[in-house]
Every structure is written in structure tokens, then in C-alpha cells.
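A short write-up of the structure that comes next.
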Amino acid sequence: MVVTGADGLTLADGTVHPTGYWAEEVAASHQVFRDAGVEVDIATPGGVRPTVDPISLDERGGVEAADAERFRAYLDSLADRLAEPLALAGLSAADYDAVYVPGGHGPMEDLAHDADLGRLLADADRRGKVVAALCHGPAALLSARGEDGGFLFAGRSMTAFTDAEERQGGLGDAAPYLLESRLRERGAVIEAGPAWTSRVVVDGNLVTGQNPQSTVDTAKRVLAALETAGAA
């Protein structure tokens, strides 16, 4: 599980908006994997301790109090691992069956440009390992380059946090870029569902989820892909 190390997002006007990873996307995904007996390592750029987006544990972020408490408690159970994540630079795709990138706005700030992650994703894809990303997590896919230097996942079907969702409940035009539009510009084939409903797209070894509502379904599709590959 590759988690953003960013605690702020540089907006279109140059100011910095506090952010991090989205609590549900890390907590609920990790729980699905743990309950299935899958071993999960957590990694960040430089091995920095990741920051949870405070809005993802608040009703201002559309998260009900009971759910926020549940996600907070689960993240507390991961405190030791979150405090000392692995560094991306030291990882090899050969050692893993899947790479899973949850969202929050943070990935737009760091993972989208991280050379170590780009290398890891390209190697994982070449080996046919599962590559998965959720919500704003698909921004991480932008880091991966093909042999021609272009976007590795051009022509592949995927979904991501949509422009409509960014405008309705995200940062809107204040965002440095709209993720759906950026992925389309780079050649991705976006298959978006209605805003705020679960949507998962599978294209070979690539699994993507649209939004926080897609978290559990995305993790379950990753499990199914691992089982098909005989890895879980």
C-alpha cells in the first residue's frame, strides 16, 4: 500500500491547502486485506510518516461521526506501521503481488511526480502484478512512463475521482488540476460512474476505484485479482 507523504496540496493560486491521505481509503482497504489474510506493507516517499486529511474524519468531509470513529480506531491499530513506513526507493515489484494506492488529495502533490513510484509501477505492470489505485490515488499512475517516455497507462481503461466530484465536493477550480481531465489528456480511457456512487474498473491487471464510496469494492476486486493470480 503506497500512501501519500504530502500534508499539503499546492493550489492553482500558489497557496497550500492542508491535506494528506483519506482515512476511509486507507483504513477500510487495509481491513479488507487483513481480514482476507493478505500481508500488507505500507510505504511512502522517503519513508516519511503520512498525514491523515483531517476532513476525512469530519462531517465537513461527508463522513458521519460513527464512521469517523471507526476509521480513527482502525488507523490507531496501524499506528506503529504508519509511524515507520517503508521508503519507496527501497522497494522492488518482484517482492509483491500488488501495488495499491489509496487517495486523498495528497497523491496529486507527491505521488504523481515520484520517480521511485513510477519505476515501481512500471516494473509491477511489466511483471503482470496487480496495480490498483483509488479516488485521487490514480494520480500516482501519472508517475509511470513507458519505454517511449509517454504515459505508461495510456489507452488503458480506468476510473478516478471525477471532475464533477471535484467541483461538487472537492476543491473545484482551486485544485492545481482536475484529475479526470489530466488522465484523459495523457491518454487514459476514463469510465466514470455517477458522482458519489461506487464504481470500479478492471482492465487486465489494472484495478481502479472512483471515490471513497468505492473503497471496499475496490479492495475486494483486488482480492479477486490476487486469487485469480494464485497470490491470495
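The values are calculated or read from the model by the stated rules, or taken from the named source; none is laboratory data. Keep in mind that this is a model prediction, so the values were computed, not measured. Note that we place each Cβ from the backbone using ideal geometry, even for glycine, and neighbour counts take in every protein chain shown. With ligands, DNA and RNA removed, areas are computed over all heavy atoms of the protein, side chains included. Shrake-Rupley method; radii C 1.70, N 1.55, O 1.52, S 1.80 Å.
Of the numbered criteria (1) more than 16 Å from the chain's Cα centre (by Cα); (2) closer than 26 Å to residue 27 by Cβ, the one residue 213 fails is (1). Among the residues of the range 103-123, those identified as surrounded by fewer than 24 Cβ atoms within 10 Å (Cβ to Cβ) and small (Gly, Ala, Ser) are 112, 115, 118, 122. Could you list, in sequence order, all residues of the range 17-58 that are part of a loop (DSSP other than H, G, I, E, B), under 13 Å from residue 107 (Cβ atoms) and open to solvent by less than 30 Å² (accessible area, probe 1.4 Å)? 19, 20, 50, 53, listed by residue number.
Scan (1) touching a residue at least 40 places away in the same chain (Cβ under 8 Å); (2) assigned to a loop (DSSP other than H, G, I, E, B) for the single condition residue 187 breaks and write down its number. Against the list (1) touching a residue at least 40 places away in the same chain (Cβ under 8 Å); (2) assigned to a loop (DSSP other than H, G, I, E, B), residue 187 comes up short only on (1).
Cβ separations smaller than 6 Å between residues 6+ apart or across chains give the following pairs from the range 109-129 residues that are on the phi > 0 side of the Ramachandran plot to residues that are modelled with pLDDT of 95 or more and open to solvent by 10 Å² or more (accessible area, probe 1.4 Å): 128/205. When residues in the range 197-222 are screened for being among the polar types (S, T, N, Q) and open to solvent by 10 Å² or more (accessible area, probe 1.4 Å), 4 of them pass.
For first residues located in the range 60-76 and farther than 14 Å from residue 29 by Cβ, partners that are open to solvent by 80 Å² or more (accessible area, probe 1.4 Å) and assigned to a helix (DSSP H, G or I) and lie 6+ apart or on another chain with Cβ distances below 9 Å form the pairs 65/59; 68/59. Residues in the range 143-182 that are touching a residue at least 60 places away in the same chain (Cβ under 8 Å) and in a loop (DSSP other than H, G, I, E, B) were compared, and the one that is least open to solvent (accessible area, probe 1.4 Å) is 175.
Taking residues in the range 1-13 that are closer than 12 Å to residue 103 by Cβ, and partners anywhere that are in a strand (DSSP E or B) and small (Gly, Ala, Ser), the pairs with Cβ atoms closer than 7 Å and at least 6 places apart or on different chains are 2/43.
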